[in-house]
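As structure tokens, the structure follows; a few thoughts come after it.
The values are calculated or read from the model by the stated rules, or taken from the named source; none is laboratory data. Computed from a predicted model, the values in this text were never measured in an experiment. Cβ placement follows ideal geometry from the backbone for every residue including glycine, while neighbour counts extend to all protein chains displayed. To get the accessible areas, we keep the full protein, side chains included, count just its heavy atoms, and leave off ligands, DNA and RNA. Shrake-Rupley method; radii C 1.70, N 1.55, O 1.52, S 1.80 Å.
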Amino acid sequence: MNIALDATYAAYPEPTGTGIYSQRLISALAANPAFHPAGGNPEYRLVLCFRLGPYLRWARKRKWPPGCSISPLLDFWPAAPRASLFHGLNQRLPESACPVRVVTIHDLFPLTSPDYSTVEFQRRFTELLRRAIARADRIITGSDATRQQLLRHTDA
């Protein structure tokens, strides 16, 4: 089974909170024995996907945990290699179909604190968020406060 993650923010040379979260999740998953069984035939394969710019600049040059493969994240991905589960680690999910889609939403500051972002950013963020929620089979939030905001500000 291929498990694909949008690991874009983990590739940045100076990661912020989302990048650190992504790096730690990748490390924890890669250390799981299901990805490295004693018999040598893994039950799961971890595919780290990156938006094209970060893929070309940093991800393909960086050393990732053993057993992880990397791939650019394009609109038609994950058609090949076929993923059974795709996890968008920062409020985004690809357009393409995947049997199970999970999205992590860290915060909703563009919706809840308009003084900290431009109107254009708020519009783009809201659209990305709504599309991700519509496509997601499961939604993970970083806190109960974010979950409550999500319920108040969206149709989730």
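Here are a few things to note about the model shown:
- Relative contact order (%) - criterion: Cα under 8 Å, at least six apart; region: the chain: 21 percent
- Cα centroid separation, segment 34-74 to segment 129-156 (Å): 27 Å
- For the chain, the longest principal axis of the alpha carbon atoms and the long axis of helix 17-31 meet at an angle near 30°.
- Gain on full extension, evaluated as 0.36 nm per residue between D144 and Y116 minus their Cα-Cα distance, stands at 7.9 nm.
- Rounded to 10°, Cα long-axis angle of helix 144-153 versus longest principal axis of the chain: 50 degrees
- Its residues counted as N, the chain yields a C-alpha radius of gyration over 2.2 N^0.38 Å of 1.07.
- Nitroxide proxy distance, nm - points 7 Å out along Cα→Cβ at S96 and H153: 3.1 nm
- Taken per residue, the accessible surface of segment 81-136 reaches 52 Å², heavy atoms only and a 1.4 Å probe.
- Projecting label points 7 angstrom from Cα along Cα→Cβ for K61 and R82 puts them 3.6 nm apart.
- Highest mean packing comes first when the peptides 39-52, 86-99 are listed by Cβ atoms within 10 Å, giving 86-99, 39-52.
- Dipole-positive endmost among A31, G142, S117 within the chain (Cβ charges, Cα centre): A31
- Calculated mean residue ellipticity, 222 nm, the chain: -10000 deg cm²/dmol, from DSSP H runs (n ≥ 4) at -39500 (n - 2.57) each, averaged per residue and rounded to 500.
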